[in-house]
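The values are calculated or read from the model by the stated rules, or taken from the named source; none is laboratory data. Everything numeric in this text was worked out from a predicted model, so none of it was measured. Don't worry about glycine lacking a Cβ; one is built from the backbone with ideal geometry, like all the others, and counts go over all protein chains shown. Heavy atoms of the whole protein, side chains included, go into the accessibility calculation; ligands, DNA and RNA do not. Shrake-Rupley method; radii C 1.70, N 1.55, O 1.52, S 1.80 Å.
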Amino acid sequence: MLDYGLDMSSVEHDLALPDVAAEGDELEALVSAHADWTTPTPAAGWTIAHQIAHLASADANVLIAIRTPDAFEAVLKQAEAAGSRYADLDAAAGAAKPRSALLEQWRAGRTEVAAALRDIPLDHGFPWYGSQLTAALMVPLRLMETWAHGQDIFDALGVSHRPTGRLRHVAALGVTGRELSFHAAQLPVPAEPFRVELTGPDGQTWAWGPEDAMQRVQGSALDFCLRVTQRRSRAETDLTAVGEDAQKWLDIARVFL
């Protein structure tokens with residue numbers, strides 16, 4: 001079980017699953033009130049419909065992976081055949097559906113995924129792209145992806161995306177995924193520990209790592225989440241770093257392969 005090598009012990013799963021639902025409900029309220037889903041979003045070539053189609057497709061694939069893991073091989077082959085165009089082609093296919101049908105597909109899929117993840121043990125493994133995952137990791141991953149693609153839609157509509165305590169799950173993924181950032185950039189993974197201190201939406205400090213660590217990152221939780229999901233450049237955030245490795249991490253930070 002690779003589980004992407006992430007330690008998910010800091011994720012509060014009793015809160016994470018309801019938070020996944022809340023994040024989806026908030027985004028649904030926004031897009032349901034907007035009739036024109038052809039509005040472009042910051043992702044090149046992607047409209048609101050593409051963003052929702054991507055989320056709906058990902059939910060469908062989660063259900064395949066959990067319920068019929070052997071059938072997930074077909075999903076992997078399709079992704080391999082399409083290569084770097086896979087996400088774009090998949091989103092375009094979904095975006096071609098009528099708005100009402102796509103909305104219902106996404107709504108039903110979110111409900112089914114929540115039920116499926118609730119009914120399996122946290123350490124239950126199932127296939128995913130390039131690895132095996134567990135429910136312990138998939139729950140915050142679904143929240144992160146919903147929030148990040150939702151951010152694209154909020155930006156497209158010029159609506160402020162109010163930060164909530166749900167960001168703690170996204171931030172935890174960003175912190176535990178530090179090694180992924182260096183692997184993806186084909187750089188050596190720092191052996192030195194990191195300290196991350198973020199200011200949550202309610203003013204509380206969210207902290208990870210030893211207090212005396214020399215490599216340090218500080219700033220708002222919102223900006224950290226925007227950075228690790230690559231929705232904002234480092235220069236657009238209030239994040240500060242101390243230490244050469246911490247500086248490099250903010251330059252290459254990501255929560256996905």
Hits in the range 171-204 (condition: of a type in the set (D, E, K, R), within 16 Å of Gln218 (Cα to Cα) and assigned to a helix (DSSP H, G or I)): Arg178
Note on the range 194-216: residues polar (S, T, N, Q) and surrounded by fewer than 17 Cβ atoms within 10 Å (Cβ to Cβ) are Gln204, Thr205
Quick one: Leu2 ticks every box in (1) at pLDDT below 95; (2) crowded, with 20+ Cβ neighbours inside 10 Å; (3) of a type in the set (A, V, I, L, M, F, W, C) bar one, so which box is it? (2)
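Which of the residues belonging to the range 246-256 are in contact with a strand residue (DSSP E or B) (Cβ under 8 Å, 6 or more places away or on another chain) and crowded, with 22+ Cβ neighbours inside 10 Å?
Matches in the range 246-256: Ala246, Trp249.
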Please work out which residue is nearest to Pro69 (Cα to Cα), limiting yourself to the range 90-119 and to residues that are surrounded by fewer than 16 Cβ atoms within 10 Å (Cβ to Cβ) and more than 20 Å from the chain's Cα centre (by Cα). Asp119
Have a look at Ala148, Ala108, Ala114 and point out the one that is touching a Ser or Thr at 6+ places or on another chain (Cβ under 7 Å) and modelled with pLDDT of 90 or more. Ala148
Please return the ranges of helices (runs of 4 or more DSSP H) entirely within the range 85-169 where 3 or more residues are in contact (Cβ under 8 Å) with a residue 60 or more places away in the chain. 99-119, 135-157
Search the range 32-46 for residues being under 19 Å from the mean Cα position of the chain (by Cα) and either of a type in the set (Lys, Arg) or open to solvent by less than 70 Å² (accessible area, probe 1.4 Å) (or both), and hand back the single one that is farthest from Trp147 (Cα to Cα). Trp46
In the range 217-237, residues that are open to solvent by less than 10 Å² (accessible area, probe 1.4 Å), not aliphatic (A, V, I, L, M) and not in a helix (DSSP H, G or I) total 1
List pairs: first residue in the range 39-55 and under 14 Å from Leu89 (Cα atoms), second residue open to solvent by 20 Å² or more (accessible area, probe 1.4 Å) and not in a loop (DSSP other than H, G, I, E, B) anywhere in the structure, Cβ distance under 6 angstrom, at least six positions apart or on different chains. Thr47/Pro40; Ala49/Ala95; His50/Ala95; Gln51/His149; Ala53/Ala95; Leu55/His149
Report, by residue number, each residue of the range 54-68 that is open to solvent by less than 60 Å² (accessible area, probe 1.4 Å) and either outside any helix (DSSP H, G or I) or in contact with a strand residue (DSSP E or B) (Cβ under 8 Å, 6 or more places away or on another chain) (or both). Ala65, Ile66
